[in-house]
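What follows is calculated from the coordinates using simple rules that are stated; it is not laboratory data. The structure displayed is predicted, hence computed values, not measured ones. Cβ coordinates were reconstructed from backbone atoms using ideal geometry, including for glycine residues, and neighbour counts include every protein chain displayed.
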């Protein structure tokens, strides 16, 4: 494993009806099957959105390293409220409220604006 090497990438697959098909969950599953515990500890996860509670727990149980995210769950919940999209069935919680020992960095002001635009397009809602 080389520093800076991308080991695995995925995308959201919930449109097929399985709302557990988050890319962060798939990353944890892949890591458990393909990396040693020491490699997992050193693996850094980059994601456009902060992990949900399910994905935060999977990340912690598998023993992955730091997480860097562009937009927060709080931001996403706020955008959904602004656009009239009902909240999901699971409480919006920060990563460290679920997985206390993980280094989590985000959101990024510039990148979160880009994520907001992508979310608007994905949900077919108007601009700012």
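As a proxy for reagent exposure, ranking 72, 15 by other Cβ atoms within 10 Å from fewest up yields 15, 72. Per residue, the convex hull spanned by the Cα atoms of the range 1-55 amounts to 90 cubic angstrom. Using the Cβ-Cβ distance between residue 110 and residue 85 with R0 = 25 Å, the FRET efficiency computed as 1/(1 + (r/R0)^6) comes to roughly 0.60. Between the C-alpha center of the range 70-128 and that of the range 30-53 there is a gap of 20 Å.
Please give the FRET efficiency for residue 15 paired with residue 117, using the beta carbon to beta carbon distance and R0 = 22 Å, rounded to the nearest 0.05. Efficiency at R0 = 22 Å is approximately 0.70.
Inverting the mean 1/r over all pairs of different Cα atoms, compute the Kirkwood radius of the range 42-83 and quote it in Å.
Roughly 11.1 Å, rounded to one decimal.
Dividing the mean sequence gap of close Cα pairs (under 8 Å, 6+ apart) by how many residues the chain holds gives a relative contact order of 22 percent. Plainly put, the range 28-128 has a radius of gyration that is 1.02 times its Kirkwood radius, both from alpha-carbon atoms, as the Rg/Rh ratio.
Based on DSSP H segments of at least four residues, each scored -39500 (n - 2.57), the chain has a per-residue ellipticity at 222 nm of -13000 deg cm²/dmol. Residues considered: 57, 81, 28. Largest GNM mean-square fluctuation over the chain, using C-alpha springs under 10 Å, is found at 81.
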